[in-house]
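Below you'll find the structure, written out as C-alpha cells, and then a few comments.
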Amino acid sequence: MSTSPLRPRDDRRDALLLVVGLVAVMWVVEVVDQVLGGRLDRYGIEPHDADGLAGIVSAPFLHAGFGHLIGNTIPFLILGAAIALSGLRTVVLVVAIVAVVGGLGTWLVAPSGTDHIGASGLVFGFATYLIARGIFSRRLPHLAVGVIVAALYGTTLVFGVVPEDGISWQGHLFGAIGGVLAARYVDRRQPAGGASQREALGLTP
C-alpha cells in the first residue's frame with residue numbers, strides 16, 4: 001500500500017504549524033511558571049554543570065516573565081514563518097542545529113553559576129540562517145529575504161552579542177553561529193539546478 005507524497009502547500013502548512021506550536025508551548029510553560037512562582041526557570045542551561053546540559057532542550061521554552069516572552073515571540077513567529085516557506089524538514093533542521101550549537105556553546109563558554117533561559121538564541125539563529133542562506137544558495141528570493149532580515153534585525157544582531165551583565169550574549173552569539181551552520185548544511189542538502197519545485201523545497205530525502 002503506497003501513500004501519496006506530501007504536497008508543497010501541505011508541507012509549508014505543517015512547518016508553520018510547528019513554529020506556532022513551539023510558541024504555544026512557550027506560553028503554556030510561562031503560565032505554569034508564573035503559577036509556580038518562577039520555579040521552572042532553574043531548568044535553564046547551567047554552564048559547566050553536567051545536569052545543566054538538559055537545559056539545552058528546556059531553556060528555549062523558559063522565560064523571565066511575560067515581557068521577556070513577548071519580546072521573543074514576535075520575531076520568532078516572523079522569522080520562523082519565513083523559514084517555514086521552505087518546508088517542515090527545513091524548520092526541524094534549523095531549530096535542531098541552532099538549539100544544539102547555541103546551547104552547547106553557552107554551556108561551554110558562559111560563567112559557572114549562571115542560568116540561561118529564553119528563545120532569543122533561536123531567534124538569533126533564525127535571523128542569521130535567513131541571511132546566510134542567500135549567500136550560500138545564491139538564489140534571488142533567498143538573497144532578497146536575507147537583505148530584508150539584515151535591514152530589520154542587523155542592529156539587534158550586532159548589539160545582542162556584545163558582552164553585557166544580565167544578558168545571555170553567549171546564547172545570542174552561539175545561536176547566531178548555529179544559524180550560519182544550519183544555512184550551510186541545509187543548502188548542501190538542496191538538489192542541483194533544474195530540480196522540480198517539490199525537490200527544491202527539500203521534500204525528498
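Details
- Summed over region 151-179, residues that are part of a helix (DSSP H, G or I) and surrounded by 23 or more Cβ atoms within 10 Å (Cβ to Cβ) total 8.
- Unique match (being at pLDDT below 95 and surrounded by 19 or more Cβ atoms within 10 Å (Cβ to Cβ)) among G55, G80, G65, G38: G55
- Condition met for V100 (under 20 Å from R12 (Cβ atoms) and part of a helix (DSSP H, G or I)): no
- Among the conditions (1) under 21 Å from I70 (Cα atoms); (2) surrounded by fewer than 22 Cβ atoms within 10 Å (Cβ to Cβ), V123 misses just one, which is (2).
- Leading residue by the ranking (nearest to V180 (Cα to Cα)) among those in region 103-150 that are part of a loop (DSSP other than H, G, I, E, B) and under 18 Å from the mean Cα position of the chain (by Cα): A119
- Any hit, region 101-109, residues being crowded, with 17+ Cβ neighbours inside 10 Å, in contact with a Ser or Thr (Cβ under 8 Å, 6 or more places away or on another chain) and farther than 13 Å from Y185 by Cα: yes
The values are calculated or read from the model by the stated rules, or taken from the named source; none is laboratory data. Computed from a predicted structure; not experimentally measured. Quick reminder, even Gly has a Cβ in these numbers, built from the backbone with ideal geometry, and neighbours come from all protein chains shown.
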